[in-house]
Amino acid sequence: MKLFLAVISGILFGLSFPPFESGILAAAAFVPLLILLDYVGDYRETFLYAYVTFFVANCIAVYWAGGFTHGKDVYLMVAGTMLLIAHPVFFCIPIVLWMVVRRHFGIKPALIAFPFFWVAFEYFHASGQLSFPWLTLGNSQTYDLAAIQFASYTGVYGISFWLLWLNVLLFLLYAKLSSGAWNVGASKPVIAIGGIILLYLLPKFYGGYALQHQRFDSGEPIRVGVVQPDIDPFEKWGRGTEPQISILQSLTRQASADTCDLILWPETAITFPILLPAYDPYLARIRGQIDSLRVPLLTGLADLEYYRKGEEAPKSSKTSVDGDRYDTYNSSILLTPGTREVQKYAKMELVPFAERVPFSEELSFLNVMQWNFGMGGWGVGKEATVFHLTRANGSATGFSNMICYESVFPGFVASFVRNGAQFLTVITNDSWWGNTSGAYQHKQFAVLRAVENRRWVIQCANGGISCFIDPFGHILHSTAMYERVTAVESIRPQTGLTFYSAHGDWLAEICLVISAFFLTAAAGRKFYIRIRRQQTDD
């Protein structure tokens, strides 16, 4: 029975995430787990059943990470398997901490602590070199635009907090009814059910109002074009450069015919360090096109920077055949017509193991564990760039570019908005994993970044999915997977800051403090009991 409840909880959790449009399941996903934990008293059993729950959830929601459906890369499959095995361990931590509070203070204080513990865990899970906040509970609600509008105040963690309280209240209702403390049909359960329904609907009431009264800055619109070249990600690193550049430039001409102020190419559209002198002919060719079309270009590229003689190089850096130290970066650059200026951004949040082995600076021997296809061992970017886009009429706009996985980090994205980004772009290559849930989840998670910051988000993918998302989360011009296509849309840069953009993860930080209070109280109680026992023995 306990194992059954753990599996049911994992299924509900996993099915609440995109591409399943069943986010409502997240409001009850923890209830079976809480029911079984009510019959568990020791930490070992708590960890075991929690692990089963989140192993099942991960297998449903992030099965795609290993690329098993098309099996083109052994490293990817091994890394994906390790993710499915190891990742559930992180989710067990708040459950075990919850059990600590329950054992010292009882079930009711523990239930009050549970939402705070979980949100604090999600906040921690989005930081550090092992961060993978893909399954933040609030990410499950992106198909329900009315429900997520309050994220402009709280961020995604507020959505998680709301869902967690729904789980707690549903569990309490079950506990009262199953124990016989409340009779079905009596006034107390009716009032409780009404309160739970009201709590579920409150964000929707606000969201419905917000969607009906949408307000945008009335600034001059910008026409943005996205180029989705659909080049096989496994082949492009060894494929000839000429065909790929030709595809990108052909699609750029097609998009620019629709009068664009900015063209986007996807992540690592240019697979070589085009800014080095050896590649000047290719850079000149691309500059020639944008000068001719008079349209700025933002493109992803594999960049390379050498360390000067005498300059201290990180232990994780690479050594050339000439003995020079260098680093490679997953970067993006903005090229502007009529000028040789290059604005550049290097990715700062790297996918663990796929793009950079965690702790490879501290434990440099780990650098042998690197992926092929030019993706392993990227350096960590250091500057949160806000690109300055100057249009043909001379007007200027600031925007920032997230590279792939970076769009999953709410506080990170909000920091660019605080620095002056008036719209956001995401360039990505989600076709590594085939036509699976990953690409659809990535697109949907970008909806939250738009709502949190009230900014347009434009996603440009290599093999899909590319789209435009307005500041209230509506998705426009969503492309299909494995489609070679362009899309153009008018957007309006926004200048105001939402409460969340201005204050960041304030709710998660409060949850962190309250969680620390509960744990400190539990530790203090344990210490007090131990002292009293010693005094009694004496």
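The values are calculated or read from the model by the stated rules, or taken from the named source; none is laboratory data. The model shown is predicted, which means the values in this text are computed figures rather than measured ones. Note that each Cβ is placed from the backbone with ideal geometry, even for glycine, and that neighbours are counted across all protein chains shown. The accessibility values were calculated without ligands, DNA or RNA, using every heavy atom of the protein model including side chains. Shrake-Rupley method; radii C 1.70, N 1.55, O 1.52, S 1.80 Å.
Numerical summary
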| quantity | calculated |
| --- | --- |
| Single condition Arg525 does not satisfy, out of (1) modelled with pLDDT of 95 or more; (2) over 24 Å from Gly138 (Cα atoms); (3) part of a helix (DSSP H, G or I) | (1) |
| Flag if Arg449 is open to solvent by 10 Å² or more (accessible area, probe 1.4 Å) and more than 26 Å from Phe234 (Cα to Cα) | no |
| Count of residues meeting criterion [without any contact (Cβ under 8 Å) to a residue 12 or more places away in the chain and within 21 Å of Tyr345 (Cα to Cα)] in the range 224-277 | 1 |
| Boolean, Asp73 is modelled with pLDDT of 95 or more, open to solvent by 10 Å² or more (accessible area, probe 1.4 Å), over 29 Å from Ala523 (Cα atoms) and of a type in the set (Asp, Glu) | no |
| Any hit, the range 469-482, residues being of a type in the set (Gly, Ala, Ser), at pLDDT below 95 and buried (at least 22 other Cβ atoms within 10 Å of the Cβ) | no |
| Total residues in the range 452-464, condition modelled with pLDDT of 95 or more, farther than 12 Å from Ile475 by Cβ and touching a helix residue (DSSP H, G or I) at 6+ places or on another chain (Cβ under 9 Å) | 6 |
| Residues being out of contact with any Ser or Thr (no Cβ under 7 Å at 6 or more places or on another chain), in contact (Cβ under 8 Å) with a residue 60 or more places away in the chain and among the β-branched types (Val, Ile, Thr) - total across the range 44-95 | 1 |
| Candidates Ala6, Ala65, Ala57, filtered to the one that is over 28 Å from Tyr200 (Cβ atoms), touching a Leu at 6+ places or on another chain (Cβ under 9 Å) and part of a helix (DSSP H, G or I) | Ala65 |
| Answer from Phe445, Phe416 - the residue that is outside any strand (DSSP E or B), among the aromatic types (Phe, Trp, Tyr) and closer than 26 Å to Ser16 by Cα | Phe445 |
| Among the residues listed as Ser360, Ser316, the single one being modelled with pLDDT under 75, open to solvent by less than 20 Å² (accessible area, probe 1.4 Å), assigned to a loop (DSSP other than H, G, I, E, B) and out of contact with any strand residue (DSSP E or B) (no Cβ under 9 Å at 6 or more places or on another chain) | Ser360 |
| Filtered residues of the range 106-124 (kept if in contact with a helix residue (DSSP H, G or I) (Cβ under 7 Å, 6 or more places away or on another chain) and open to solvent by 20 Å² or more (accessible area, probe 1.4 Å)) | Pro109, Phe116, Phe121, Tyr123 |
| Single match in Gly288, Gly300 (criterion: under 30 Å from His477 (Cβ atoms) and either buried (at least 23 other Cβ atoms within 10 Å of the Cβ) or touching a Cys at 6+ places or on another chain (Cβ under 6 Å) (or both)) | Gly300 |
| Test for Gly185: is it in a loop (DSSP other than H, G, I, E, B), over 17 Å from Ile427 (Cα atoms) and open to solvent by less than 40 Å² (accessible area, probe 1.4 Å) | no |
| Out of Ser490, Ser501, Ser478, sole residue that is touching a residue at least 24 places away in the same chain (Cβ under 8 Å) and assigned to a helix (DSSP H, G or I) | Ser501 |
| Among the candidates Glu242, Glu220, residue that is modelled with pLDDT under 95, part of a helix (DSSP H, G or I) and not small (Gly, Ala, Ser) | Glu242 |
| Residue identified as touching a strand residue (DSSP E or B) at 6+ places or on another chain (Cβ under 9 Å) and aromatic (Phe, Trp, Tyr) among Phe90, Phe132, Phe171, Phe121 | Phe132 |
| Some residue of the range 39-61 being touching a His at 6+ places or on another chain (Cβ under 8 Å), surrounded by 15 or more Cβ atoms within 10 Å (Cβ to Cβ), at pLDDT 95 or above and of a type in the set (A, V, I, L, M, F, W, C) | yes |
| Restricting the range 406-435 to residues that are farther than 16 Å from Tyr482 by Cα and of a type in the set (D, E, K, R), the residue that is most open to solvent (accessible area, probe 1.4 Å) | Arg418 |
| Test: residue in the range 234-256 that is on the phi > 0 side of the Ramachandran plot and surrounded by 15 or more Cβ atoms within 10 Å (Cβ to Cβ) | no |
| Checking Pro337 against (1) closer than 19 Å to Arg253 by Cβ; (2) touching a Phe, Trp or Tyr at 6+ places or on another chain (Cβ under 9 Å); (3) part of a loop (DSSP other than H, G, I, E, B), the condition it does not meet | (2) |
| Filtered residue count, the range 323-349, keeping only those that are within 19 Å of the chain's Cα centre (by Cα), more than 25 Å from Asp261 (Cβ to Cβ) and open to solvent by less than 20 Å² (accessible area, probe 1.4 Å) | 1 |
| Residues of the range 498-528 satisfying the condition of being surrounded by 15 or more Cβ atoms within 10 Å (Cβ to Cβ), within 26 Å of Arg455 (Cα to Cα) and among the hydrophobic types (A, V, I, L, M, F, W, C) | Trp506, Leu507, Ala508, Ile510 |
| Scan of the range 419-442 for residues that are under 24 Å from Gln343 (Cα atoms) and either touching a helix residue (DSSP H, G or I) at 6+ places or on another chain (Cβ under 6 Å) or in a loop (DSSP other than H, G, I, E, B) (or both), ordered by number | Asn419, Gly420, Ala421, Gln422, Val426, Thr428, Asn429 |
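Okay, residues lined up against (1) surrounded by fewer than 23 Cβ atoms within 10 Å (Cβ to Cβ); (2) over 18 Å from the mean Cα position of the chain (by Cα); (3) touching a residue at least 24 places away in the same chain (Cβ under 8 Å):
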{"position": "Trp134", "(1), (2), (3)": "yes, no, yes"}
{"position": "Phe150", "(1), (2), (3)": "yes, yes, yes"}
{"position": "Ser160", "(1), (2), (3)": "no, no, yes"}
{"position": "Leu177", "(1), (2), (3)": "yes, yes, no"}
{"position": "Ala181", "(1), (2), (3)": "yes, yes, no"}
